[in-house]
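What follows is one structure encoded as structure tokens, with my remarks underneath.
The values are calculated or read from the model by the stated rules, or taken from the named source; none is laboratory data. Predicted, not measured: the structure shown is a model, and the values here were computed from it. A quick note on method: Cβ atoms are made from the backbone with ideal geometry, for glycine too, and the neighbour counts reach across all protein chains shown. All accessible areas refer to the heavy atoms of the entire protein, side chains included, with ligands and DNA or RNA removed. Shrake-Rupley method; radii C 1.70, N 1.55, O 1.52, S 1.80 Å.
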Amino acid sequence: MTLYEAIFYFFAIITLVSAGIVVFSKNVIHSAFSLLFTFFGVTGIYVLLNADFIAVTQLLIYVGGILVLLLFGVMLTNKVIDVELKTGTLQTVPASIIVASIAGVLCGVFYITDWKIIPASMDATKSTTAGLGEMFMTTYLLPFEVASVVLLVALVGAAMIARKERTVE
Amino acid sequence: MEVGLTHFLIVSAILFSLGLFAVITRRNAILVLMGVELILNSANINFIAFAKYGGMKLDGQAAAVFVIILAAAEAAVALAIVLNIYQRFKTVNVDEISAMKE
């Protein structure tokens, strides 16, 4: 087993085990904290796929932003002193059947398909940041600007929605 | 067997299934959101894996950046809605929230 394979299995196991804890844990706080390890494992997988910029972005935005936001959500919507923190599940049996069949089909298709692999045109060890930056300023300029407007509007809207309603005089 | 495209795709398929399971079965709205984040992450793994094994073209990585941007926007808006629902109904159980207003 080469080092690359060992690192891949290490990160894959971290990702999948902690994602399992996120999904099956009865305690919302446990779920939120194991989501941290899921994001970390996914970051490792990105690094293995030569996506250095995406890996750092993942760490900054998911771990630094979205996870903290979710933790705030957990703490603000649960009575922490109560036993309310535990949450139930519903319709586990039909959901398990459906999800297991979807997972089976996906894995089967991924395994059977003979993927045509194109060898890398550029040096795989080179940083992707410069290439991505150039791409966002040329090919993807319009989607990039639209995404920035979407983000601004979404955050302003979120602040508006979350604020307590004031009575209009 | 050497670690290749199939391995990454299968990891993402399992991650997708776990996220889907959380979205379907959990009652807490926050946990449903966590399931959505898992699904978005699995999609991102696919984008980046195909970008690498499809000739290292970087287009897939650009798509992944957009996914991350929209995930951030989605999380912010969804949590604002969840907080608002909690203020009104005093619960985040998605089964009990069936009315548009009190």
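The single condition among (1) out of contact with any Leu (no Cβ under 6 Å at 6 or more places or on another chain); (2) open to solvent by 30 Å² or more (accessible area, probe 1.4 Å) that residue B:53 does not meet is (1).
Scan the range A:7-23 for residues that are open to solvent by less than 10 Å² (accessible area, probe 1.4 Å) and closer than 16 Å to residue B:30 by Cα and the total you get is 3.
Count, please, the residues in the range A:19-46 that happen to be of a type outside the set (Val, Ile, Thr) and more than 10 Å from chain B (Cβ to nearest Cβ). Outline the logic, then answer.
Just the residues of the range A:19-46 that are of a type outside the set (Val, Ile, Thr), to begin with: A:19-20, A:24-27, A:30-37, A:39-41, A:44, A:46.
With the extra rule that they be more than 10 Å from chain B (Cβ to nearest Cβ), the set shrinks to A:26-27, A:30, A:33, A:36-37, A:40, A:44.
Of the residues in the range A:19-46, 8 are of a type outside the set (Val, Ile, Thr) and more than 10 Å from chain B (Cβ to nearest Cβ).
For residue A:50, the conditions (1) outside any helix (DSSP H, G or I); (2) over 23 Å from residue B:64 (Cβ atoms) are fulfilled apart from (2). Before we move on, is residue B:38 within 19 Å of residue A:40 (Cβ to Cβ) and buried (at least 19 other Cβ atoms within 10 Å of the Cβ)? Criteria met by residue B:38. Is it the case that some residue within the range B:19-28 is under 17 Å from the mean Cα position of the chain (by Cα) and surrounded by fewer than 18 Cβ atoms within 10 Å (Cβ to Cβ)? Checked the range B:19-28: at least one residue is under 17 Å from the mean Cα position of the chain (by Cα) and surrounded by fewer than 18 Cβ atoms within 10 Å (Cβ to Cβ).
Tally time: how many residues in the range B:61-92 are within 8 Å of chain A (Cβ to nearest Cβ) and either under 21 Å from residue B:22 (Cβ atoms) or in contact with a strand residue (DSSP E or B) (Cβ under 9 Å, 6 or more places away or on another chain) (or both)? So that I can check it myself, show each step before the final result.
Quick first cut of the range B:61-92, residues within 8 Å of chain A (Cβ to nearest Cβ) only: B:61-62, B:64-66, B:68-77, B:79-84, B:86-87, B:92.
Checking which are either under 21 Å from residue B:22 (Cβ atoms) or in contact with a strand residue (DSSP E or B) (Cβ under 9 Å, 6 or more places away or on another chain) (or both) leaves us with B:68, B:70-77, B:79-83, B:86, B:92.
Selection size over the range B:61-92: 16.
Applying the set (1) touching a residue at least 40 places away in the same chain (Cβ under 8 Å); (2) of a type outside the set (S, T, N, Q); (3) facing chain A (nearest Cβ under 7 Å) to residue B:58 leaves exactly one unmet item: (1). Flag: residue A:79 does not match the condition of being at pLDDT below 85 and either surrounded by 12 or more Cβ atoms within 10 Å (Cβ to Cβ) or touching a His at 6+ places or on another chain (Cβ under 8 Å) (or both).
Taking the criterion of being at the interface with chain B (Cβ under 8 Å from one of its Cβ atoms) and under 23 Å from residue B:4 (Cβ atoms), would at least one residue in the range A:54-64 satisfy it? Yes, there is a match, as at least one residue in the range A:54-64 is at the interface with chain B (Cβ under 8 Å from one of its Cβ atoms) and under 23 Å from residue B:4 (Cβ atoms).
Given the residues A:121, A:101, which is the only one that is over 22 Å from the mean Cα position of the chain (by Cα) and either closer than 25 Å to residue B:40 by Cβ or modelled with pLDDT of 80 or more (or both)? Only one candidate passes the filter, namely A:101. Has the range A:15-22 got at least one residue that is more than 20 Å from residue B:17 (Cβ to Cβ) and either assigned to a helix (DSSP H, G or I) or of a type in the set (A, V, I, L, M) (or both)? No: zero hits. Of all residues in the range A:103-115, those being open to solvent by 60 Å² or more (accessible area, probe 1.4 Å) and within 13 Å of residue B:16 (Cβ to Cβ) number 2.
Residues B:49, B:43, B:13, B:29: which one is touching a residue at least 24 places away in the same chain (Cβ under 8 Å), more than 7 Å from chain A (Cβ to nearest Cβ) and farther than 22 Å from residue A:75 by Cβ? Don't jump to the end; show me each part of the working.
Values: B:49 fails: more than 7 Å from chain A (Cβ to nearest Cβ); B:13 fails: more than 7 Å from chain A (Cβ to nearest Cβ); B:29 fails: farther than 22 Å from residue A:75 by Cβ.
Residue meeting the stated conditions: B:43.
A Cβ distance below 8 Å, combined with a sequence gap of six or more or placement on separate chains, defines the contacts here; from the range A:109-121, residues that are free of Cβ contacts under 8 Å to residues at least 12 places away in the same chain reach residues that are assigned to a loop (DSSP other than H, G, I, E, B) in the pairs A:117/B:4; A:118/B:55; A:119/B:55; A:120/B:55; A:120/B:56; A:121/B:55; A:121/B:56; A:121/B:57.
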